[in-house]
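Working notes, beginning with the structure itself.
What follows is calculated from the coordinates using simple rules that are stated; it is not laboratory data. Note that this is a predicted model, so its numbers are computed, not measured. In this analysis, Cβ positions are derived from the backbone assuming ideal geometry, glycine residues included, and neighbour counts consider all displayed protein chains.
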Amino acid sequence: MILDSPRQPAGEPDPGKGPTEWNEGRHGVGPWEGPWPDDERLDPELLEHGDHRNVVDAYRYWKREAVTQDIDKRRHPLHIAIENFENDSNIGTVVRTANAFAVDTVHIVGRRRWNRRGAMVTDRYQHLRHHDTVAELIEWAQEEGLTVVAIDNTPGSVPLETAQLPKRCLLLFGQEGPGVTQQAQDAARMTCSIAQFGSTRSINAGVAAGIAMHAWIRQHADLSRAW
Ligand SMILES: C[S@@+](CC[C@H](N)C(=O)[O-])C[C@H]1O[C@@H](n2cnc3c(N)ncnc32)[C@H](O)[C@@H]1O
């Protein structure tokens, strides 16, 4: 059962608000009320104690595996890779955004360890895969028939704003400081840059990943299936 908003009757979203704001101020749902539901996707612990996780209302009380399996039915043929040779703290943000866009898999290249804080536990429902080297990642992408597109604002890059992104695509991001390695750019079909107009040399890698993922979403996703 979804808890009522203090300002709005249940089931009647405020017409002035959008989908991500409808549940503003609510922090999950309390213990299940009413007859015990007979649905194997639901978690008895959550039903008994309430569900305060960072999940959309459609997944309230669902078991963790059930949520992942449901997203699996409609994941996009979009993969994200981020180089992690210096332990980049932006990876959590990348994982959270990838989860929001139902990305197939996030690939971490280099070090296995990464700071999960920014992921806000969304990594539970997101497929993650590690590759020791860029060469290993590229070989895997070729076997899977994915076109690799590097994202960086390096000389010769193509503006992301006008580029046509491949549908079966792996977007590859660099890290703070060095940016995308030359090896990765050489292996990519193209490198796309995000237009900038201020003084900074670059934007945060997590922000860049969000912009690039959304560029793919605008070109290829079925928007009628968004929440
Ligand atoms: C902070 S940047 C560092 C590298 C950057 N080339 C520089 O000269 O400072 C880290 C990563 O964020 C992404 N990024 C940042 N700004 C970008 C932009 N304007 N266009 C495309 N990617 C960008 C790229 O993936 C890049 O490798």
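Expressed in nm to one decimal, what extension gain is obtained for the pair ASP72 and GLU139 from 0.36 nm per residue of sequence separation less their Cα-Cα distance?
Values: separation 67, 0.36 × 67 = 24.12 nm, distance 2.37 nm.
Difference between extended and current length: 21.8 nm.
Just checking the listed ones, LEU171, LEU146, LEU47: in the Gaussian network model of the chain with Cα springs under 10 Å, the one fluctuating most is LEU47. Dipole orientation for the chain: of the candidates GLN185, ALA81, LEU171, GLN185 has the Cα lying most toward the positive pole (charges on Cβ; Lys, Arg +1; Asp, Glu -1). Close amide H partners of ASN115, meaning residues 5 or more places away or on another chain with modelled amide H under 5 Å apart, are ILE91, GLY92.
For the chain, the membrane-span-like helices by this rule, meaning whole DSSP H stretches whose C-alpha atoms cover at least 18 Å of axis and whose Kyte-Doolittle mean is -0.5 or above, are 205-220; this says nothing about an actual membrane.
Would you mind ranking ILE217, ILE138 by Cβ crowding within 10 Å, fewest neighbours first? Please report the intermediate quantities before stating the final value.
Values: ILE217 19, ILE138 22.
With the sparsest Cβ surroundings first, the list reads ILE217, ILE138.
The helix-based estimate of mean residue ellipticity at 222 nm for the chain, built from -39,500 (n - 2.57) per DSSP H run of four or more residues and divided by its residue count, is -7000 deg cm²/dmol to the nearest 500.
What's the extension gain from THR154 to ARG112 if we count 0.36 nm per residue and subtract their Cα-Cα distance? Length difference between fully extended and current span is 12.5 nm.
Rounded to the nearest 20 Debye, what is the dipole magnitude of region 50-114 about its Cα centre when Lys and Arg each give +1 and Asp and Glu each give -1 at the C-beta?
Values: 11 positive and 9 negative charges, 36 e Å.
Using only the charged Cβ atoms, the result is roughly 180 debye.
In order along region 110-125, the Karplus-derived 3J(HN,Hα) couplings, from 6.51 cos²θ - 1.76 cosθ + 1.60 at θ = phi - 60°, round to x, 5, 6, 6, 8, 7, 7, 4, x, 6, 6, 6, 5, 5, 4, 10 Hz, and Gly and Pro are given as x.
Can you tell me the length gained on complete extension of the stretch GLN164 to THR147, counting 0.36 nm per residue apart and subtracting the Cα distance? Provide the component values of the computation, followed by the final result.
Numbers: separation 17, 0.36 × 17 = 6.12 nm, distance 1.21 nm.
Full extension from GLN164 to THR147 adds 4.9 nm.
For the pair ALA58 and MET190, label points projected 7 Å from Cα toward Cβ lie 3.2 nm apart.
How would you order 148-154, 219-225, 110-116 from highest to lowest mean count of nearby Cβ atoms within 10 Å? Write out the running numbers ahead of the final one.
Numbers: 148-154: 22.4, 219-225: 10.4, 110-116: 14.9.
Ranking the peptides 148-154, 219-225, 110-116 by packing returns 148-154, 110-116, 219-225.
The alpha carbon gyration tensor of region 24-71 gives principal lengths a ≥ b ≥ c with a/c of 1.5 or higher and a/b no greater than b/c, which makes the shape oblate.
Relative to the Cα centre, the charge distribution of the chain, modelled as +1 at Lys and Arg Cβ and -1 at Asp and Glu Cβ, gives a dipole magnitude of about 460 debye. Sequence-ordered 3J(HN,Hα) estimates for region 154-169 from the Karplus curve with 6.51, -1.76 and 1.60 and θ = phi - 60° stand at 9, x, x, 6, 9, x, 4, 4, 10, 6, 8, 7, x, 6, 8, 9 Hz, glycine and proline given as x.
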